[in-house]
């Protein structure tokens, strides 16, 4: 049985305006795929003594404080939607009785329904929340948010805000983050427009530098057009931290180098071009904003005829360029792409994506380097399994990086979630890519002077060192 409890809310910041640049990027993905993009999940609340009234109060609290959760769309033919933030309204909290079923399974099914059923963008609030009840006890809470309202950083900001709420007064700390309508207004000002223009010039330079084709023509047939493998690698975490400490760079740069070397070794495609998902939360007023601030930015690196250590150094430079140029108007980016495609005479293929969504600090911990025995033991704990996710990315190759805690050892590890277009990658190819990334990470630690094994860049596609592809 499902009970829908109405939760009224009222908050500040109402208004109508254009989408933010981050929202435009997400809307393009939604419109292109026909699928709602969501964030969130389920969590056990068994034994906490929470009541339905507690959770309706929590839901009303977040709706009141964060304009993004009170924002819907006004769809327009031939143009981007407008965002419409309301001052008040009512959102349902679903209470699902598990009966004799496993409440964890009921919660998982509820989460799947929330994520799979498309949102009504004009009439539905961008949050779906429910709880699972066994008898009189609430055992699980499920919350799924439309990606237009927040990205992973926005979800972390929302969770932090809930945690900071005073249990006695029910009030939270002062909000000092910029909501979406204010972001959209700021993005029309001269400073932001200059930033966008610089980013688009960088994007065009990369397009004109990299090979047009990434993975060649389609070669395979599979009844499943897209597949995803998840590979858990304790050894990658150990090795990457050690390399980052020794090299004085972030773990993000090391992982990107290992990704480029591993991918080039398996596919033979070099220079490696990947579109990075970059969070703009380092910009003023964005750090604690419940909103979507991620945009894609090109990462180009030549790993041919060099050492693994040099690949790490190149990645550090190229990563900074990608981060610097990830704030722009996506509609103008489409214009640049169309112009370059017209000049090249063939559509440019940039369907290789990389999303480092690890929660951990990107500065390696101060710890002793792992011994060869520790690396060998960690390699023996690597795990691979295949998953079918309805919402997996629809690109030729899309790599997500996570950093879960291994439930057996209690160690933070690296998880690779790699989804592929099966016309270009077989199951064996896909698994080979993630294993090659792991192997590159271990080699970067144990033998940094080793050659990448990737041939020199062909003369017809000379590429550029990352530091040359700059503003």
Legend entry - Tally, over the range 433-449, of residues that are buried (at least 17 other Cβ atoms within 10 Å of the Cβ) and farther than 13 Å from residue 382 by Cβ: 5
Legend entry - Selection status of residue 214, assigned to a loop (DSSP other than H, G, I, E, B), within 24 Å of the chain's Cα centre (by Cα), surrounded by fewer than 18 Cβ atoms within 10 Å (Cβ to Cβ) and in contact (Cβ under 8 Å) with a residue 40 or more places away in the chain: no
Inset, instruction - Hey, could you check the range 325-349 for residues that are surrounded by 14 or more Cβ atoms within 10 Å (Cβ to Cβ) and out of contact with any helix residue (DSSP H, G or I) (no Cβ under 8 Å at 6 or more places or on another chain) and say which is nearest to residue 189 (Cα to Cα)? - result: 341
Legend entry - Hits in the range 139-148 - residues which are closer than 15 Å to residue 57 by Cα and either surrounded by fewer than 21 Cβ atoms within 10 Å (Cβ to Cβ) or in contact with a helix residue (DSSP H, G or I) (Cβ under 7 Å, 6 or more places away or on another chain) (or both): 141
Inset, instruction - Could you identify the single residue in 151, 102, 97 that is touching a strand residue (DSSP E or B) at 6+ places or on another chain (Cβ under 7 Å) and either surrounded by fewer than 16 Cβ atoms within 10 Å (Cβ to Cβ) or on the phi > 0 side of the Ramachandran plot (or both)? - result: 97
Inset, instruction - Name the single residue, out of those in the range 362-381 being assigned to a loop (DSSP other than H, G, I, E, B) and surrounded by fewer than 10 Cβ atoms within 10 Å (Cβ to Cβ), that is nearest to the chain's Cα centre (by Cα). - result: 366
Legend entry - Selection count where residues are part of a loop (DSSP other than H, G, I, E, B) and either at pLDDT 95 or above or out of contact with any strand residue (DSSP E or B) (no Cβ under 7 Å at 6 or more places or on another chain) (or both), scope the range 18-45: 6
Legend entry - Failed item, numbered, when residue 245 is tested on (1) surrounded by fewer than 21 Cβ atoms within 10 Å (Cβ to Cβ); (2) touching a helix residue (DSSP H, G or I) at 6+ places or on another chain (Cβ under 9 Å); (3) more than 30 Å from residue 43 (Cα to Cα): (2)
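The values are calculated or read from the model by the stated rules, or taken from the named source; none is laboratory data. Keep in mind it's a predicted model, so treat the numbers as computed, not measured. Neighbour counts run over all protein chains shown; Cβ positions are idealised from the backbone, glycine included.
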